[in-house]
Structures are given as structure tokens and as C-alpha cells.
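Here's the structure, in C-alpha cells; my notes come after.
The values are calculated or read from the model by the stated rules, or taken from the named source; none is laboratory data. This structure is a prediction, so every number in the text was calculated from the model and none was measured. Methodologically, a virtual Cβ is constructed for each residue, glycine included, from the backbone with ideal geometry; neighbour enumeration extends over all protein chains shown. The accessibility values were calculated without ligands, DNA or RNA, using every heavy atom of the protein model including side chains. Shrake-Rupley method; radii C 1.70, N 1.55, O 1.52, S 1.80 Å.
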Amino acid sequence: QVHLVESGGGLVQAGGSLRLSCVVSGSIFSIIRMAWYRQAPGKQRELVASIASAGSTSVADSVKGRFTISGDSAKNITDLQMNSLKPEDTAVYYCNAWGQTQRYAPQLDYWGQGTQVTVFP
């Protein structure tokens, strides 16, 4: 069993900041990439930011310059620092890990349960 637990969501005024954290635990052998996705009501889930095990990062154009992803591969932790939040950032944010439970096991996606971020004007 692989478990992803997110924390740090909440309610914030536009222009404010929040920091999301995600910890991966359980029978995970290796993580190739960790990422944050979000899903707003009535919209598809979208990739917000990702970090590879080697440390390279990527963020969506819609959050570039405002959101920063970081991680500690040894501890299977990733954080998403969100600054200058806008009402359109309101969504459920999901932590994602792509990895293996054993050396020769298939590479699979694992998901957290999500944390709500609400930005009011």
C-alpha cells in the first residue's frame, strides 16, 4: 500500500499565500516524479507543477512566477509554495507520485485524497 497525505490547504484572500505539503509513505520502492494537480468545479484535473527525482522542476504557465515546487527525494516529500493567489486558483489540489513498489514492478500513479484551496476576492 502506498499512501499520499496532503496538508496545508485552506481559505485565503486574494494576494495571499499558502504552502501545501505531501508525504508519501508505505511500500514505495522508488519515486520517479512527484507532482501537484488541481481540479476546479466543472473542470478537468490539470497539472500544476512537477518535480523529478533528480530535482528538475516544471510549473504550468498559469502559475509560473507565483508557485514553486520543491521536494526532498530522500524523505518522499514535496511542497508547493503558492504566492499571489488568485480566485481562479480555487480548486482541490492533489498530490501525485509516479513510481514503483518494487525494483521490477510497473511504474504507476499514486494519488492523495486532495486538499481544498479557496481564494476569495
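Quick look at the numbers
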item: Qualifying positions in segment 106-121 - closer than 20 Å to Leu47 by Cβ and without any contact (Cβ under 8 Å) to a residue 12 or more places away in the chain; result: Leu108
item: Considering residues of segment 65-74 that are part of a loop (DSSP other than H, G, I, E, B) and open to solvent by 50 Å² or more (accessible area, probe 1.4 Å) only, the residue modelled with the highest pLDDT; result: Gly65
item: Residue list for segment 8-55, filter: under 13 Å from Ile77 (Cβ atoms), in contact (Cβ under 8 Å) with a residue 24 or more places away in the chain and either open to solvent by 60 Å² or more (accessible area, probe 1.4 Å) or not in a strand (DSSP E or B) (or both); result: Gly8, Arg19, Val23, Ile28
item: Every residue from segment 75-105 that is without any contact (Cβ under 8 Å) to a residue 60 or more places away in the chain and not in a strand (DSSP E or B); result: Lys75, Asn76, Glu88, Asp89, Thr90, Tyr104
item: Residues located in segment 91-121, provided they are out of contact with any Asp or Glu (no Cβ under 8 Å at 6 or more places or on another chain), crowded, with 18+ Cβ neighbours inside 10 Å and closer than 12 Å to Val2 by Cβ; result: Gly99, Tyr110
